[in-house]
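Student: Have a look at the structure that comes next, please.
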Amino acid sequence: MGFQAYGGNGWLLTKMEQLINWGRSRSPWPLPYGTACCGIEMMAALAAGYDLGRFGAERPSFSPRQADVLIEAGTITKKMVPILKKIYDQMAEPKWVIAMGACACSGGVFRTYSTLQGIDNVIPVDVYVPGCPPRPEGLIYALMKVMEKIENDHPLRKHALDLVEG
Amino acid sequence: MSLKDRVERCLGDYATAFVECRGDLCVEVPVEDVLKVIASLKDELGFDFLSDLFGVDNSVLFEKKAKAAKKKKKAEDEALPGDDVPPPPRFEVNYLLLSLERNERLQVKIRVPEDKPEVDSVTGIWKAATWPEREVYDMYGIKFKGHPDLRRLLMWDEFPAYPLRKDYPLEGQGEERHLSYTTTES
């Protein structure tokens, strides 16, 4: 974990980056964006039986402003593209995206004029969950992968680079 | 009196053809008379419920039929030249009517030519026809005269084609919808 506790009056010694990553990775508030049958599996994963809240995704945030992880569960039609893009743009940095199900990953069986062939045509995706629909375990595994990604992140280094580049 | 007799008596010369399939009756009427026909079916025969309204593109079906007929003719002999019947109009619009009182169903079919895809709207008789007519307009490009709000229903407004026409490719022609933020500069 990167924490080392020393004796005495509760001193804690760690690195700033590790502290930030620890905080971020343990509170990935999801934005549930269910557009098809995958949404039902996502609801099952969020509800008491599978309880995604165990991993810190305690509060499904229906406002993109206060969400960290966009769970895009379902088919995106081309008519829907501006809405998806707008929601992604409204999320505050840092943000991550899970593409849940075959439709979100690649368009799935809907290889037609009306369906977007994978949401990575429009927004960057961090974790893809295959399946039609994937089981809740799949979504939980995807969330754990996101947490893994967050823990390997270097938030301060990025910030420092921004400062150098001006 | 059977349903067919009653429809025949009610419509008279407007009914150009009857088809019966698995217990359901379909009556074909001319395009320009559709309003009169629907109104009299509603008022006189009690078909008080429009359960559906949809379009059909028959172009591929007609092509196949014409090809098969040509083959057959060639196989038989070269006689009967020049009696090529012009193919029927390309599009259909179907109205599925239901009489709630008598529990009877009737299909009314009109054939719409490709060069003049215009049909009178039945929204004045049934409000329920507004969305189905918009869908038919969206998918086939058939215009409904007198419709209160004839916009696309399923595709976005700027979509350039009519996707359920048989000459439209399944995977589309690369139409995309993009998001553009309008920036107000002060």
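The values are calculated or read from the model by the stated rules, or taken from the named source; none is laboratory data. This is a predicted model, so every value here is computed, not measured. FYI the Cβ positions are ideal-geometry reconstructions off the backbone, even for glycines, and counts take in every protein chain you see. Surface accessibility is based on the protein's heavy atoms, side chains included, excluding ligands, DNA and RNA. Shrake-Rupley method; radii C 1.70, N 1.55, O 1.52, S 1.80 Å.
Student: Restricting attention to segment B:142-179, and to residues there that are of a type in the set (A, V, I, L, M, F, W, C), open to solvent by 20 Å² or more (accessible area, probe 1.4 Å) and facing another protein chain (nearest Cβ under 8 Å), which single residue is farthest from the chain's Cα centre (by Cα)?
Tutor: Per the criteria, the residue is B:Leu179.
Student: Determine whether segment A:52-64 contains at least one residue that is in contact (Cβ under 8 Å) with a residue 12 or more places away in the chain, in a helix (DSSP H, G or I), closer than 25 Å to A:Ile150 by Cα and within 14 Å of chain B (Cβ to nearest Cβ).
Tutor: Looking through segment A:52-64, none of the residues is in contact (Cβ under 8 Å) with a residue 12 or more places away in the chain, in a helix (DSSP H, G or I), closer than 25 Å to A:Ile150 by Cα and within 14 Å of chain B (Cβ to nearest Cβ).
Student: How many of the residues making up segment A:65-81 are open to solvent by 10 Å² or more (accessible area, probe 1.4 Å) and either modelled with pLDDT under 90 or closer than 18 Å to A:Met144 by Cβ (or both)?
Tutor: Going through segment A:65-81 one residue at a time, the tally reaches 1.
Student: Same structure, new question: Answer yes or no as to whether B:Ser51 is in contact with a Lys or Arg (Cβ under 6 Å, 6 or more places away or on another chain), surrounded by fewer than 16 Cβ atoms within 10 Å (Cβ to Cβ) and among the polar types (S, T, N, Q).
Tutor: So B:Ser51 fails the test.
Student: Among the residues of segment B:111-141, count how many are over 12 Å from the mean Cα position of the chain (by Cα) and either charged (D, E, K, R) or open to solvent by 40 Å² or more (accessible area, probe 1.4 Å) (or both).
Tutor: Total meeting the criteria: 9.
Student: Out of segment A:77-102, which residues are within 14 Å of chain B (Cβ to nearest Cβ) and either part of a strand (DSSP E or B) or of a type in the set (Ser, Thr, Tyr) (or both)?
Tutor: A:Thr77, A:Tyr88
Student: Pull up segment A:104-124, narrow it to residues that are surrounded by 18 or more Cβ atoms within 10 Å (Cβ to Cβ) and under 18 Å from A:Leu31 (Cα atoms), then point me to the one that is nearest to the other protein chains (Cβ to nearest Cβ).
Tutor: Here the answer is A:Val122.
Student: Limited to segment B:118-141, what total is found for residues that are closer than 16 Å to B:Leu50 by Cβ and either among the hydroxyl-bearing types (Ser, Thr, Tyr) or within 14 Å of another protein chain (Cβ to nearest Cβ) (or both)?
Tutor: Result for segment B:118-141: 4.
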